[in-house]
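Some notes on the structure that comes next.
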């Protein structure tokens, strides 16, 4: 039987896995953003192809005896699962089918949600929850292996509570408030000014209207960004130590993500909550008062989950043993 | 002596006043946005000219005996004061000088801050404070007739706490949270859906992902706007009655504007705080705990203040009597 292909196409980077129908990962590749919504279809297709070609190349060199180097390199796959944000919006798979066909990958292509891939990266069980907080934030409930409910993921203007954007926006506002004499002193101020290469003495030097010159420089720097780019300042909140303003922002983020999970929590669906995304890995998610959530697990990305979804799409039942095989063989390739 | 011209150029509308050097208002005109930052220089100049021409026409027809209709219509003015947001940024007055010269207004042109015009609309005193909350929000301290300190006015992304944008953004997020099962039920939801012409039954009908269809329609509608346009939903917060979410938002806005005023409050500068802008007129400003603020006054716009600033620029001392003359004669023209 031919190998399977699993792609976890994220907004920052894309991971491709080639695995056998028994769950043995034999190739792994990484590329840039494969999200067609944030990066455009052409760019996304190019990065998916790049990660896939790297995974296929590794699969080919790793298993020359079993299949012959040439066959494995040829890249045909039984099933290709592509996990990505907005998978439900992209009903047509033409854009990726033709891109993959160009490198001779011609299997059936199945789009899956990135949140489901996150869940399956941390759980072989078919019931449970996933919460992702990276640039944006969202939660899903998984029942019988299917995503049956979701919360938030509404974007920076309407939602994404507790996300990287949300942390970054709170950060720049807190710093502006301190410089404007409207808010308390915070360790976020020197951190943000350094990140924006604003000289530290600008925060004491008075500018043209009596306020610190750093405030004007902060205004210029922040309004030169697209709003969503404020997410890049989220790490400062974690770097600010026991600063009162920063710990307050982090507590609010935890509470917001708890509320998002609570919106889809159900006593009928009992299982683990799998946490993903750059923010949530560091933040930690409280699960007090939830009825369906049994424990918290954290994953780095959705690569294992995309592989699990490829196995299931191929008719393989993924029990604990198969799940562990995927995890361990993929860890060996990374 | 020739008449004076005073223009209060706001982001929504522009008001022009023609007055005698004694403070007798003899002409009044209104036009659209005269703010070069939000509307561009060409549009702003056109609207300032339109309001001015209307004011000059009224001045001409009102006083045919004293000066002769023709002379008054000619429009020469000793001094023209133009009060507007960002007045300190526009050091050059060329754009408005040439526009006014085209209708034969050739006096000295003085740019003043819109916040100072707000203060002078409500106070003949030379010491005190002004707080404006319209689309944005800001506060100033006035000492000896000059603006000596300011707070906020940092725009929707970094500040403008308690402003129309701030209220509108809180509103759409609260409605999204209710529809997403993350927030409490609020009277803002039917009000906002009606404002966006989203059918009320869409809030109960499930959409493609199990969430109400109204949520998807809200997303489409809100992301089609420029962020700053969320300010248009601020009136809904006032219309929501004793709704808990809405009253919470209003209490937070009052508190935020109090904080902005407190940032520049000084025991040395004692006087009234003059409140302006669409939001603050309805909201009400608490002044507890402030050292310099003696009382709260509210004004509709900066027209009286622009006239007061024109008189002062012309060397007229504006005492209570002159101030009242400006107020009353302008009220008679509106």
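Figures for the structure shown
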read-out	value
Residues satisfying the stated conditions in the stretch A:172-211, i.e. facing chain B (nearest Cβ under 10 Å), free of Cβ contacts under 8 Å to residues at least 24 places away in the same chain and in a helix (DSSP H, G or I)	A:173, A:177
Boolean, residue B:114 is surrounded by fewer than 24 Cβ atoms within 10 Å (Cβ to Cβ), under 28 Å from residue B:255 (Cα atoms), at pLDDT 70 or above and in contact with a strand residue (DSSP E or B) (Cβ under 7 Å, 6 or more places away or on another chain)	no
Check on residue A:230, within 14 Å of another protein chain (Cβ to nearest Cβ) and either touching a helix residue (DSSP H, G or I) at 6+ places or on another chain (Cβ under 7 Å) or surrounded by fewer than 22 Cβ atoms within 10 Å (Cβ to Cβ) (or both)	yes
Tally of residues being part of a loop (DSSP other than H, G, I, E, B) and either crowded, with 24+ Cβ neighbours inside 10 Å or in contact with a helix residue (DSSP H, G or I) (Cβ under 8 Å, 6 or more places away or on another chain) (or both) across the stretch A:14-28	4
Subset of the stretch B:119-145 (residues that are over 13 Å from residue B:312 (Cβ atoms) and in a strand (DSSP E or B))	B:128, B:129, B:130, B:131, B:132, B:133, B:137, B:138, B:139, B:140, B:141, B:143
Among residues of the stretch A:212-227, those that are within 10 Å of chain B (Cβ to nearest Cβ) and assigned to a loop (DSSP other than H, G, I, E, B), counted	1
Residue under evaluation residue A:260, criteria (1) touching a helix residue (DSSP H, G or I) at 6+ places or on another chain (Cβ under 9 Å); (2) buried (at least 21 other Cβ atoms within 10 Å of the Cβ), criterion not met	(1)
Residue match in the stretch A:246-269 (condition: away from chain B (no Cβ under 14 Å), in contact (Cβ under 8 Å) with a residue 12 or more places away in the chain and part of a loop (DSSP other than H, G, I, E, B))	yes
Of all residues making up the stretch A:62-92, the number that are at pLDDT 65 or above and touching a strand residue (DSSP E or B) at 6+ places or on another chain (Cβ under 9 Å)	11
Filter result for residue B:241 (within 12 Å of another protein chain (Cβ to nearest Cβ), in a loop (DSSP other than H, G, I, E, B) and modelled with pLDDT under 95)	no
Residue in the stretch A:156-170 that is in contact with a strand residue (DSSP E or B) (Cβ under 6 Å, 6 or more places away or on another chain), within 14 Å of chain B (Cβ to nearest Cβ), closer than 30 Å to residue B:168 by Cβ and free of Cβ contacts under 8 Å to residues at least 60 places away in the same chain present	yes
Positions within the stretch B:270-298 being closer than 21 Å to residue B:84 by Cα and either surrounded by fewer than 24 Cβ atoms within 10 Å (Cβ to Cβ) or within 14 Å of chain A (Cβ to nearest Cβ) (or both), in sequence order	B:278, B:281, B:297, B:298
Selection from the stretch A:288-326 of residues that are touching a helix residue (DSSP H, G or I) at 6+ places or on another chain (Cβ under 8 Å), assigned to a helix (DSSP H, G or I) and more than 20 Å from residue A:278 (Cα to Cα)	A:307, A:308, A:309, A:311, A:322, A:323, A:326
Cβ pairs under 7 Å, 6+ apart, first in the stretch A:140-151 and within 11 Å of chain B (Cβ to nearest Cβ), second part of a strand (DSSP E or B) and surrounded by fewer than 19 Cβ atoms within 10 Å (Cβ to Cβ)	A:141/A:148
Residue B:107 vs. criteria in contact (Cβ under 8 Å) with a residue 40 or more places away in the chain, crowded, with 17+ Cβ neighbours inside 10 Å, over 13 Å from the mean Cα position of the chain (by Cα) and more than 18 Å from residue B:43 (Cβ to Cβ)	yes
Out of B:247, B:282, sole residue that is more than 26 Å from residue A:228 (Cβ to Cβ) and modelled with pLDDT of 95 or more	B:247
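The values are calculated or read from the model by the stated rules, or taken from the named source; none is laboratory data. Keep in mind it's a predicted model, so treat the numbers as computed, not measured. When we count neighbours, we look across all protein chains shown, and the Cβ atoms used for this are built from the backbone with ideal geometry, even at glycine.
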